[in-house]
Amino acid sequence: MRVILLFLVIMAAAPAAFAQEATGTITTENTALQDVAIANRMREIMDELGDYSDVIVTVNEGVVTLRGTTTSTVEALALQPLASRIEGVVAVRNEVTETTDIARRLDPAVGRFAARLEQLVIFLPLALIAAVAFGVVVLVGFAIARMKQPWDRLAPNSFIADIYRQLLRVFFVVIGMVIALDIVNATALLSTILGAAGIIGLAFGFAVRDTVENFIASIMLSFRQPFRPNDSVEINGDQGKVIRLTSRATILLSLDGNHIRIPNATVFKSRIVNFSQNAERQFRFIIHVHRDADLQQTLLLVNQTVQALPFVLDDPGALVWIEALHPETIELIVTAWIDQNETSFPLARGEALRQVKLAIEAAGVVIPDGTQRVKLIRQAHAVAATSRETRQIEDVVPSQDAALTRIVEAERNLESTEDLLRADRPNE
């Protein structure tokens, strides 16, 4: 019962509340003088704003009526909230429409264009001064960047010197932009320009990530210099002589005369074996002898034979040891050192192996043959085996290395090719 009574009380009070809200801002008195004041105030405002010459204002009992045309719908709609703000206005009736006169509608655009043209004429001398200042700063920067010194002295090679010069050019361009924008009082645009340049640079970097990676690796390699021209190296399983280091790849000349181009990013991250870093280089080979051989005498004989070769160094000396025992043979490891600047490594190793074989066979030591051969005899008499003794080589001439070196030097002498390696720079 109490709920029903409460509901009836609320329903009875609602119309009174609504009536009070609808009529709360309207006064009970109104005079003709107040209507005239409202109309005059509205006309003054429209005259000050302009573009409302064809709009008529009438006020009756506080109700403002607007009739006429404007050049755009936006201007017509802007009148209603403007009139509502005038004191004493009860309501606004906006009957203003957009004009159909093309000439009137173009007048504001022509006016805006004329105003902007006038601003451009005023701004043009200042812009020319800013452009001249920018050009002078950039020309000074480019002139300094073209100088040979001190960039060639500071950089390890011409490639790094060009990077220094390019960074200097960019620096002077940025300084010129700051000065020019400050002259025209538009330094706020600098942050926008730099931000846009950063976003573009980031997107470009992702697009050419491999190229950028190789470029950065070439800079690091040119500073580190892990090898020099004509060095014999092994990079990522590829072996050859270094021709040159470019901004994109390291070029090798393989032992069979082919060009090998390895991306600098791969070179920088790979294991590099530089065989030319030290003049002394060790060669080794394996030889098998029969299990019945006198091992002490055989080891001594092999060691003396290798050490007696004219291209083998005395210090470190030759070394021979037993590596493993097999069912029918004994495996020997033979090592020796040579000066690879004077002796070809593969020829020295081959000649040492040949001399050891001859010495062992002359001493009566059997070198087992691990293969099985079938011999067909077609004649009754035995075929006499003849042997030809080859002469002992007194010195091994580095003929192959010399030929590869000549090829490398010929290609490096081409002035039009890029090279980041310098022979006078220390390498790591």
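Read the figures in this text as sums done on the coordinates, not as results from a lab. As the structure is a computational prediction, the values presented were derived from the model and not from experiment. When we count neighbours, we look across all protein chains shown, and the Cβ atoms used for this are built from the backbone with ideal geometry, even at glycine.
If one computes the Cα centroid of the stretch 222-258 and of the stretch 353-368, what distance in Å separates the two points?
What the calculation gives is 39 Å, centre to centre.
Starting from 0.36 nm per residue, how many nanometres of slack lie between Arg146 and Asp292 once their C-alpha separation is accounted for?
Extending this stretch completely gives an extra 44.8 nm.
Could you order the peptides 214-221, 54-61, 113-120 from most to least packed, using the average number of other C-beta atoms within 10 Å per residue?
Ranking, from highest mean packing down: 214-221, 54-61, 113-120.
Could you check the spin-label model distance between Arg406 and Arg153? Points 7 Å from the Cα along Cα→Cβ, value in nm.
Roughly 4.1 nm, to one decimal.
Between Met220 and His259, what length in nm is gained on full extension when 0.36 nm per residue of separation is reduced by their alpha carbon distance?
11.8 nm
Please give, to one decimal in nm, the separation of the simple spin-label points placed at Phe113 and Gln277, each 7 Å out from Cα toward the Cβ.
7.5
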